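First up is the structure itself, then whatever we jot down about it.
The values are calculated or read from the model by the stated rules, or taken from the named source; none is laboratory data. Since the model is a prediction, treat every value here as computed from it, not as a measurement. Note that each Cβ is placed from the backbone with ideal geometry, even for glycine, and that neighbours are counted across all protein chains shown. Heavy atoms of the whole protein, side chains included, go into the accessibility calculation; ligands, DNA and RNA do not. Shrake-Rupley method; radii C 1.70, N 1.55, O 1.52, S 1.80 Å.
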2 protein chains.
Amino acid sequence: MSLEEVTGARCVQPSAAAKSALRPISATRVDVLGGFWGERLRANRERTIPHGFAQLGRAGTLDNLRLAAGAAGTYRADADSGGALLPFLDSDVYKWLEAVGWELGRGDDPGLRASADEAIGVLARAQRPDGYLNSFVAATRGGEPYTDLPWGHEFYCAGHLAQAAVAWHRALGDDRLLRIAVGVVDHIDREFGAGGRDGIDGHPCVEMALAELARTTGEGRYLALAARMLDLRGHGSLGDGRFGPAYWQDHEPVRYAAEVAGHSVRQLYLDCGAVDVAVELGDEELLSAVRRRWQDMVRTRRYLTGGLGSRHRDEAFGDPYELPPDRAYTETCAAIASVMLSWRLLLATGEPRYADAIERAVYNGVLSGLSRSGTEFFYVNPLQRRTHRTFESDGHGRRMPWQSCACCPPNLMRLLSSWPQYLATADDTGVQLHQYAPAVIRTPVGGGEAELEVRTGYPWDGRVEVRVARTPGHPWTLSLRVPHWSGAATLSVAGDAPAPVPAGVAERTRAWRPGDEVVLVLDTPVRRTEPDPRVDAVRGCVAFERGPLVYCVESADLPDGAVLEDLRCDPAREPLTSPRSDLGDGVIGVEVPVAGGGTVPAVPYHAWANRGPGGMRVWVPR
Amino acid sequence: MSLEEVTGARCVQPSAAAKSALRPISATRVDVLGGFWGERLRANRERTIPHGFAQLGRAGTLDNLRLAAGAAGTYRADADSGGALLPFLDSDVYKWLEAVGWELGRGDDPGLRASADEAIGVLARAQRPDGYLNSFVAATRGGEPYTDLPWGHEFYCAGHLAQAAVAWHRALGDDRLLRIAVGVVDHIDREFGAGGRDGIDGHPCVEMALAELARTTGEGRYLALAARMLDLRGHGSLGDGRFGPAYWQDHEPVRYAAEVAGHSVRQLYLDCGAVDVAVELGDEELLSAVRRRWQDMVRTRRYLTGGLGSRHRDEAFGDPYELPPDRAYTETCAAIASVMLSWRLLLATGEPRYADAIERAVYNGVLSGLSRSGTEFFYVNPLQRRTHRTFESDGHGRRMPWQSCACCPPNLMRLLSSWPQYLATADDTGVQLHQYAPAVIRTPVGGGEAELEVRTGYPWDGRVEVRVARTPGHPWTLSLRVPHWSGAATLSVAGDAPAPVPAGVAERTRAWRPGDEVVLVLDTPVRRTEPDPRVDAVRGCVAFERGPLVYCVESADLPDGAVLEDLRCDPAREPLTSPRSDLGDGVIGVEVPVAGGGTVPAVPYHAWANRGPGGMRVWVPR
C-alpha cells in the first residue's frame, strides 16, 4: 500500500484522471467568518460534537466496541425496540470520528483530540489480527463474519470507518484510522473481491467509501471492488425481505433503474458510490443513470424542504407526487445523503442545479434536524405537525438528545464539519462559488494563488460581495451561482454598473487585480409557492419562501385562542417580512396575511420546534 | 364448570342480568335468501373458508401446532420478514374454526366438518396436561409460558381460541373446543387471576373472549379475570416498547382515556372487552368511556370507507383529521373490529348510529379486503392508489391469496359467517331490523313466535319490504333503522299511504297480522360528499356515495390515454348512475361528470382491484 501525501481536507476528491468537471478545494483553505454559517459551525464544534461523544458513551456504543476489544460487559443496542439489537451502531462512532477529523484539520482542540484518541484506541484494540472489526458480530454471532448480508450492515460499517479514515488522512495526515480501515476492507476484499464470493450489503455505503479509499491509497483493488459491488446489485440476490427488494436497492441494476425507489438513504448512498465509480472509470452510462434518477427524484419525490422519503414503515421514497406533509418521513440522514449526492453530481457535471439542490436541502431539511442548542436532534422532519399530536417515535414534537437508532446526529456532525468544502471549487481556469457565507477562500488558480473575501448577510440578505484580495496576474474566471429562486439578480464587477444575470451561473473572466470587487445582488421577496397540482396532499394550500429558506407557521406564534388548523391565508394580500431576533441574530421572519384580516408570523422551517412542542405547518390552506 | 345448553348462534350474548338495551337473535334463525349478501355468504362458505384451510396448511400454521403436538419438523412463521418469527399465528387457526362453527350451525358441510375435525384434533393433541397450548412458545421458548407479555400474544391467542370454542358451543353444542379453551384459560387464570401475578397482554383480545366464556359457562371467574385485566391496563406495565405505550393500550386507564389511540385493532378489541364487562357488571362509567372514545373516533379518525388507522409504521390511529387517502393503513381487521365494537354498543344502547357505523364499515372498508373470487385478500385498504405505484407490502395493488401475517383473511371469514346475526335483534317488546338483506327471520317476540320475510334489492335499491308471515296475536313493535344517509325516507304500514320518516329508527307498534306488509323506501341519489375542512389530505376534493356505498374511480375504467391523476370532476353537473353487470349481478355504478365534458365511471369501493392492478381514487379533485 502506498499512502499518498496529505492532499487537503476534501470529503470527495476525484483522482487526476477522473472525468470531473469541477475540482473541490480543501476545507483547510476556507475560513468561514461569522454570519449564519459561522454560528452553526462553531456550535457544531463546541457543543454538538462533544455532546456526541458523551452520548456514544452513555448509549453504550463505545462500550460495545470495548467488548469486542476484550472488555467484560453486556452488549447494548436499542434497548427500547422489543429486544431487537441494531447491528450498525459502530457506524455512529465512525461518523463522529469523521466529523472530528475535519474539525481538527481546521484547528486543534485538545478535548476533541483526546476523545478521538480514546475512540481510535478502542478500535485498534477491537480489530482482530485478520483485520475484521464489528462489535455486533463479535457479540451476537460468535465472531462469524458475513452471515447476514441483507440485514447485517457489515460492509456499511466498514464504509463509514473508511470515510472517517480518509478524513483523518486528508485533513490531518493521521493514518491510525486508515490502517484499521484498510485491514477491515482488505478482509472484505479477500472474501468478496475479484474471483471471490458474490456479495452485497443490504445497506449501500461501502461503495463510495471504497472509491475514496482507492483515491487516497492509490489501490485500484478498492475501486474494482466498488465497481463489482455495483454490478452485483439489482439482481435480487438479497431476497424479498420484509419490504421488497427495492428496500435494499436490489430490484434493478444500478445502471438501468430509471427511478429512485425503496429506502431513501440506501438509494442516495448507493448513487453516491455510483457517481464516484463512474467518474473514476469514465463510465458515462452509469453516470447518466444516476443523473436520470436524481432528476426523477427532484421532480416527483422531493419535498419543498429538500426532504426525501414519504413512508415511515420502510423509510422509503413513495410514489411520484406522494408527498404528504404530515406523514413525511424525510429522515435527516436522507436530506444529508442528498447533499452528498448532489455534491458529487455538481463536481462531475458543473451544473448549478445540483448546487441549488444542496442549498434547498441544507437550509431546510438538514438543519431542521438540529436544535438551536446544538444538542438535540430530529430523526423525522415532517412539514406539518398537528397541534393535537399523537406520539410517533418523534419525542412528542421535541428533538431528542440522542436516539436508539442514532444515525442522524453524527451524520449532521460530519456534514457540518465538512460544510466549508461545499462553498467553492477551483481549477486552472478559475474559481466557482456555489454557496454563500462570509469567508476567506484561498486556492491555487492557474498556477498562482488567489484569495477571495466573501462578505454577505446570506441567507437573510441577498447581497454577496466578493473581494479579490490576492490573484495571479493572468486572466481567470470567477463564477457565481445565481440561485433558481432569484427572480431578478444583478452582478457588478469592479465598479461597473449592475447588470442583470439569469439564474444559473454568472461568470466573469478577466485579469483580476487585488481589490477588485464583484457584487451579486439576489432579489429576496417573500415568495408564495403553489404546490404541483399532482401533489394531492397539499391541494388548495400555499407555502412561503424567501431566499433559500422555506417558512412555516408555528402554533407558538399564534394569538391565544387561535387554532393552527383553522388558519386560512389570504392570497389577495402580500406577505411581508419582520425581524425575529428572538430566534437568533439577524433572523428574518415572514408575516402571512390571513383570512379575516391581519397576519400571523412564520419562521424559517429549520428553526421550528425550538420553543416547546406545538403545531406547525409549511403548507397553509387558502 | 357447568356448561349451559345450546343457546343459539350469537357471537355476543349478554347474560340475562346484563344491562343491554337489545338482545341478539340466533343466526340459525336467520336465512339470508340471495341478493347482495346471499352471494357473499355463499362464496365465504364454499370458496373462502375451504381456501383458508388449504392456506393454513400451506403456510405451516397447522404444522406449527402439530409440532407442539409432538410431530417432527421445523417451526414456520413469516419466512419473509428477515428471520423474525410471528408469535400469534395460532390465532389464524382459531378464527378459521370460529367461522366454521357458525357455518356448520346453519347447515352441515362434510368437507368443512372434516377439515375442522382435523384442526380440532391437532389442538387436542397439542394441549399440554396443564392446559397450556401455544405453538410459538413450544417451539421457541422451550415451552416456558408468559415470558414476554408485551409481544408474546399468548392471551391474545387464548382469546381467539375461546371465541371459536364459544361459537362451536352456541352454534352446534359441540364442546371439544370449549374443553380445550377452558384448559388454556384456566392456566392463565391460575397464574394471573385474583391474588395472582399482575399481567396483561400487549394485544388485547382475551377480555371479550373471557366475558363470552363466562356467559357460556356461567363461570364468574372468567368475567372477574377480564375485569381485572381491564383494570391493570393503562398503567405502563408493558413499558414503552418500540412505539410507545399507546401501541398496546397501556398509556391510560381504560375507564378514563378520552380518545382512541395507538394500534387501531388493539384499541377496538380492547373496547369490545370493555363493553362486554361493563354491561355484565352494570359499570356505567366504563361503558361511557368506550362510547366517548367511539364518538371521538368516528368524528375525527374514521375514513369515509369506515376504515381506521392512518399510520403504517405502528398500525395506529393518527392524529385527529390525519386521514391521508393514499397513506391510509385501514387494515381490514380494524374495520372488522369496528363492526364488533359497534355491534356491542348497539346492543348496549339501542342507538341506531352504531348500526349506521356497522353499515358503513361492512359495505366499504371490510368487503374491500376480499376479492370477488373470495380467495384473495387485502391487508391494507387505502382510499387512493396512484397509477404509478411503488411496492409496499400490498402485492402490487392485487389482493393476495394469503399473507405471512394472515390475521385479516380468517377475520373476514368469521365476520361473514356471523353476518346474519347482525341483521336484527328481538326481545319481548318487538323486533329491530338493523341491516337489510332478503331474508327470513324467525324469532320469539313477547311470548310468541314471529316470522318476518324481508325482500329488498339493497344496497342497489332503497326499497325494503317486510312481510309479517307469522306473529303472536298481541301487539309488539317493529323497528327499522333509517340510515343517516337517506335524505328522504318513507314508511308505509299494511297498505297505509307512505309517511316520511326521519333518519334514526322508524317504529310501529300494533297487533300485527299475518300478511301485514311494511315498506321502507330510502332515497338513493348519488351523493357528492364534501370532506371535513380539517382533513388536510383531501382538500379541494369530493367523493361520491350512493346508499351505504362509497364509490371510487379506477384507471381500468378510463379511456385510453386518460391519466387518473389528471382527472378533475365538474361540480356543476350532477352525477348519474349506470348498471355495472360486469362487476356482479345488479351492481349499480356511478358516472362522475368531469372537467372538459363527459363522465368517467366510478365503481363501489369494495369492488375495486378486481381487474388487475391499476390506479384508484375515492376523493376526486374538483
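With helices as the sole contributors, chain A gives -10500 deg cm²/dmol at 222 nm; each DSSP H run of n ≥ 4 counts as -39500 (n - 2.57), and the sum is divided by every residue.
Computed from the Cβ-Cβ distance with R0 of 22 Å, the FRET efficiency linking A:Glu118 to A:Arg42 stands at 0.40. When A:Pro601 is represented by a point 7 angstrom out along its Cα-to-C-beta vector, the spacings to that point in the other copies are 5.7 nm, nearest first. Ranking B:Ser15, A:Ser417 by solvent-accessible area of protein heavy atoms (1.4 Å probe, all protein chains present), from largest to smallest, gives B:Ser15, A:Ser417.
Heavy-atom accessible area with a 1.4 Å probe sorts B:Ser486, A:Ser288, largest first, into A:Ser288, B:Ser486. Any idea how far the Cα center of region A:458-529 sits from the one of region B:560-581, in Å? Using only Cα atoms, the two centres lie 52 Å from each other. Contact order, relative form, for region B:526-621: 34 percent (alpha carbon pairs under 8 Å, 6 or more residues apart, mean separation divided by residue count).
Taken along the Cα-to-beta-carbon direction at a fixed 7 Å, the label points for A:Glu144 and B:Asp428 span 7.2 nm. Of the whole protein surface, A:Trp512 contributes about 10 Å² of accessible area at a 1.4 Å probe radius. In this assembly of identical copies, the label point of B:Ala16 (Cα plus 7 Å along Cα-to-Cβ) is separated from its counterparts by 10.1 nm, sorted shortest first. When the convex hull of its Cα atoms is viewed from all sides, the protein assembly as shown shows a mean projected area of 49.0 nm². Could you tell me whether region A:391-531 comes out rounded, prolate or oblate from its Cα gyration tensor? Rule is a ≥ b ≥ c as square roots of the eigenvalues, rounded for a/c under 1.5, then prolate if a/b exceeds b/c, otherwise oblate. Oblate, since a/c reaches 1.5 and b/c is not below a/b. Assuming a ≥ b ≥ c are the square roots of the Cα gyration tensor eigenvalues, decide whether region A:345-467 counts as rounded (a/c under 1.5), prolate (otherwise, with a/b larger than b/c) or oblate. Prolate is the answer for region A:345-467, as a/c is 1.5 or above and a/b outweighs b/c.
When DSSP beta bridges are restricted to pairs lying wholly in chain B, around 95% turn out antiparallel. Taking 7 Å steps out from each Cα toward its Cβ at A:Ala494 and A:Arg58 produces label points 5.6 nm apart.
The alpha carbons of region A:437-511 stretch over 37, 21, 21 Å along the principal axes, in descending order. Ranked from shortest, the separations from the 7 Å Cα-to-Cβ label point of B:Glu451 to its equivalents in the other copies are 10.7 nm. Across chain A, the mean sequence separation of Cα contacts (distance under 8 Å, 6 or more residues apart), normalised by length, yields a relative contact order of 14 percent. Residues in region B:27-422 average 28 Å² of solvent-accessible surface per residue, probe 1.4 Å, ligands and nucleic acids excluded. Applying 1/(1 + (r/R0)^6) with R0 = 30 Å to the Cβ-Cβ distance of B:Ala258 and B:Trp151, what FRET efficiency is obtained, to the nearest 0.05? For B:Ala258 and B:Trp151, the calculated efficiency is 0.65.
Of all the accessible heavy-atom surface of region B:177-247, with the other protein chains kept in place and a 1.4 Å probe, what percent is carbon and sulfur? Don't jump to the answer; show the numbers that get you there.
On the way: 1070 of 2190 Å².
The C+S portion of the solvent-accessible surface of region B:177-247 is 49 percent.
Can you run phi through the Karplus equation (6.51, -1.76, 1.60; θ = phi - 60°) for region B:600-607 and list ³J(HN,Hα) in whole Hz, with x for Gly and Pro? Karplus values, whole Hz, x for Gly and Pro: 10, x, 10, 10, x, 3, 5, 9. With the cut-off at 1.5 for a/c, could you classify chain A from its C-alpha gyration tensor as rounded, prolate or oblate? The shape class here is oblate.
Listed by chain and number, the lysines placed with their C-alpha closer than 30 angstrom to that of B:Lys95 are B:Lys19; residues fewer than eight positions away on the same chain are left out. In this simple spin-label approximation, A:Leu33 and A:Arg179 carry label points 7 Å from Cα along the Cα→Cβ vector, and these lie 4.1 nm apart. Computing FRET efficiency as 1/(1 + (r/R0)^6) for A:Val440 and B:Arg622, where r is the C-beta to C-beta distance and R0 is 56 Å, gives about 0.50. For B:Arg546, the residues 5 or more places off, or on other chains, whose built amide H falls under 5 Å of its own are B:Arg527, B:Tyr551.
Ranking A:Leu123, A:Leu149 from most to least accessible surface, computed with a 1.4 Å probe over the protein chains only, gives A:Leu149, A:Leu123. Taken across both chains, chains A and B shield about 3500 Å² of accessible surface from a 1.4 Å probe.
Take every Cα-Cα distance within region A:521-622, group them into 10 Å bins from 0 onward, and report for each bin the whole-number percent of pairs it holds. Histogramming region A:521-622 at 10 Å steps yields 15, 50, 30, 4, 0 percent. Peptide B:319-328 shows a mean partner chain C-beta count of 6 within 10 Å per residue C-beta.
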